[in-house]
1. Between residues in the stretch 58-77 that are touching a residue at least 40 places away in the same chain (Cβ under 8 Å) and residues that are of a type in the set (Lys, Arg) and outside any helix (DSSP H, G or I), which pairs lie under 8 Å by C-beta distance while being six or more apart or on different chains?
2. Find all pairs meeting these conditions: Cβ atoms under 7 angstrom apart; at least six residues apart or on different chains; first residue within the stretch 37-55 and at pLDDT 90 or above; second residue assigned to a loop (DSSP other than H, G, I, E, B) and among the aliphatic types (A, V, I, L, M).
3. Give just the number: which of (1) farther than 19 Å from Met20 by Cβ; (2) surrounded by 21 or more Cβ atoms within 10 Å (Cβ to Cβ) does His88 not satisfy?
4. Starting from the stretch 1-14, keep only residues that are at pLDDT 95 or above, then list their pairs with residues that are of a type in the set (A, V, I, L, M) and surrounded by fewer than 18 Cβ atoms within 10 Å (Cβ to Cβ) whose Cβ atoms are within a distance under 6 Å, requiring at least 6 positions of separation or different chains.
5. In the stretch 129-142, what residues are modelled with pLDDT of 95 or more and either closer than 19 Å to Lys153 by Cα or among the aliphatic types (A, V, I, L, M) (or both)?
Amino acid sequence: MKLIEKIHHTFAEQTRPKLMLIPEQMAAHEVDDVAQMLNRSWREINGHDLEKHFEFINWLMPEAFCYFIPAILAVSVAENSPDLIVVHSLINLLDRSDDPANWDNFFIKRFRLLNRAECVVIQEWIVWLSSCENISISQHALGRALDVLEVLKTQSNS
């Protein structure tokens with residue numbers, strides 16, 4: 001199965017959450033900007049959307065964050081766009097110590113919601129990123145992200 005198919009298959013069970021944003025932390029213009037992304041399914045988002053609204057993942061409730069992760073993975077692969085700003089943002093979130101004692105609440109509340117299969121697919125996506133010629137993310141950052149996902153897999157309930 002190709003990576004794009006694995007992404008769609010693995011994240012097929014992700015359901016659209018009712019509560020999407022952390023509104024108390026957002027300015028009005030940010031809510032309007034992010035709302036454009038939230039009105040669609042993750043399957044309807046394209047690279048232009050992700051590039052224009054790259055900060056949207058920072059304002060999502062944990063369940064919504066997990067719901068939109070496959071959009072980032074699928075679009076970057078389908079459009080061969082490993083250097084989207086939102087790709088960098090996602091890797092930056094994962095580029096941390098592999099010791100859970102050092103993880104902050106923002107990270108824990110979101111990434112611990114992922115199941116084992118979703119972590120595996122994200123790892124495969126990172127391997128794909130590392131093979132891309134036109135990527136400006138360091139191999140060290142990608143390696144640390146892989147290590148963090150390995151820890152998340154062992155802590156997953158499913």
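The values are calculated or read from the model by the stated rules, or taken from the named source; none is laboratory data. Model, not experiment: these values are computed from the prediction. Cβ atoms come from the backbone with ideal geometry, glycine included; neighbour counts cover every protein chain shown.
1. Tyr67/Arg16
2. These pairs meet every condition: Gly47/Leu84; Leu50/Leu84; Glu51/Leu84.
3. (2)
4. The qualifying pairs are Ile4/Ala78; Thr10/Ala117.
5. Listed by number, the residues that qualify are Leu129, Ile137, Ala141, Leu142.
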